[in-house]
1. State whether one or more residues within the stretch 118-136 are under 14 Å from I45 (Cα atoms), buried (at least 19 other Cβ atoms within 10 Å of the Cβ), modelled with pLDDT of 95 or more and in contact with a Lys or Arg (Cβ under 7 Å, 6 or more places away or on another chain).
2. Determine, yes or no, whether T186 is closer than 27 Å to D83 by Cα, out of contact with any Ser or Thr (no Cβ under 6 Å at 6 or more places or on another chain) and surrounded by fewer than 20 Cβ atoms within 10 Å (Cβ to Cβ).
3. Based on what the data block shows, is E167 within 25 Å of V11 (Cα to Cα) and within 15 Å of the chain's Cα centre (by Cα)?
4. What are the residues in the stretch 53-101 that are in a helix (DSSP H, G or I) and of a type in the set (F, W, Y), if any?
5. Name the pairs whose Cβ atoms lie under 9 Å apart, with the first residue in the stretch 109-131 and farther than 15 Å from G141 by Cβ and touching a residue at least 24 places away in the same chain (Cβ under 8 Å), the second surrounded by fewer than 19 Cβ atoms within 10 Å (Cβ to Cβ) and aromatic (F, W, Y), and 6 or more positions between them or separate chains?
6. Would you mind stating whether V11 is farther than 18 Å from A98 by Cα, outside any helix (DSSP H, G or I) and in contact with a Ser or Thr (Cβ under 8 Å, 6 or more places away or on another chain)?
7. For the stretch 63-103, enumerate the residues that are closer than 15 Å to G125 by Cβ, surrounded by 14 or more Cβ atoms within 10 Å (Cβ to Cβ) and free of Cβ contacts under 8 Å to residues at least 40 places away in the same chain.
8. Can we say L194 is crowded, with 20+ Cβ neighbours inside 10 Å, touching a strand residue (DSSP E or B) at 6+ places or on another chain (Cβ under 7 Å) and under 16 Å from R23 (Cβ atoms)?
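The values are calculated or read from the model by the stated rules, or taken from the named source; none is laboratory data. Computed from a prediction, not measured in an experiment: that's the story for all the values here. Counting neighbours? That spans all protein chains shown, and the Cβs are built from the backbone with ideal geometry, glycine included.
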Amino acid sequence: MFYKFWRSVIVALAYAIFGVQVRGRDRVPKGTFILAPSHRSTLDIPLAATVTRRRMRFMAKRQLWHGPFWSWVFDELGAVPVDRDGGDRAALRVTEAALLEGEPVVVFPEGTRCSGPELSPLFSGAAYLALKQGVPIVPVGIGGSEQITVRRGPIKWFSRVCVVVGEPITCDRTQGTIKRSAITATNDELRTRLQACLSEAIEWSRTRSGGKAGEGV
């Protein structure tokens, strides 16, 4: 209930402030899946939650768990703390357990916030989990979150945000050791589809926002 309540509040605010448009929501699988969004802003975390009402387990940097209050909040939201070096095996085990329990998970494959219209190199965690558990990866491009204000003459406005859900990548469950070549091939496919989603989302956001991009926050 905690997740559902705060998701409803935050998503409602996102729609009101940024006029969020979600494209391709019908592509989200009904079963377990890994959501793999682009990452240009901390706003991408609540924006990713617009694609489904279901609870999703988010992998988030461990630094967010500072102090008893925020530790409690992120634990209640079902977030999974991850070390920023991208090599946190404990986090992968927790995420894998969530998939086994039938819960969708969110993995930002770029690992951290990046900038620009081109994806940064992707970490292989999402591909590894998908192949090990036999669940689809859903690429999601988020446009308009990197610079959230646009200038129209002397006035600044919030940019319009677009969330584009791509076609899921189907992965067969792998028994035993997963070959590096299989992980690389899946990661390459994810990069291609995610880049297409990001480009579409950015183009939509630019067209609808108009004006000149302002300072991001």
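1. Initially, the stretch 118-136 is screened for residues under 14 Å from I45 (Cα atoms), giving none.
For the stretch 118-136, residues under 14 Å from I45 (Cα atoms), buried (at least 19 other Cβ atoms within 10 Å of the Cβ), modelled with pLDDT of 95 or more and in contact with a Lys or Arg (Cβ under 7 Å, 6 or more places away or on another chain): absent.
2. Values: closer than 27 Å to D83 by Cα: yes; out of contact with any Ser or Thr (no Cβ under 6 Å at 6 or more places or on another chain): yes; surrounded by fewer than 20 Cβ atoms within 10 Å (Cβ to Cβ): no.
No.
3. Working: within 25 Å of V11 (Cα to Cα): yes; within 15 Å of the chain's Cα centre (by Cα): yes.
Against the criterion (within 25 Å of V11 (Cα to Cα) and within 15 Å of the chain's Cα centre (by Cα)), E167 qualifies.
4. Step one: filter the stretch 53-101 for residues in a helix (DSSP H, G or I), giving 62-64, 67-76, 89-100.
Those that are in a helix (DSSP H, G or I) and of a type in the set (F, W, Y): F69, W70, W72, F74.
5. Here the result reads G111/F123, each pair linking the stretch 109-131 to a residue that is surrounded by fewer than 19 Cβ atoms within 10 Å (Cβ to Cβ) and aromatic (F, W, Y).
6. Considered against the rule, which asks whether it is farther than 18 Å from A98 by Cα, outside any helix (DSSP H, G or I) and in contact with a Ser or Thr (Cβ under 8 Å, 6 or more places away or on another chain), V11 comes out as no.
7. Of all residues in the stretch 63-103, those closer than 15 Å to G125 by Cβ come to 80-99.
Adding the requirement that they be surrounded by 14 or more Cβ atoms within 10 Å (Cβ to Cβ) leaves 80-82, 86, 88, 91-92, 94-96, 98-99.
Listed by number, the residues that qualify are V80, P81, V82, G86, D88, A91, L92, V94, T95, E96.
8. Details: crowded, with 20+ Cβ neighbours inside 10 Å: yes; touching a strand residue (DSSP E or B) at 6+ places or on another chain (Cβ under 7 Å): yes; under 16 Å from R23 (Cβ atoms): yes.
In short, yes.
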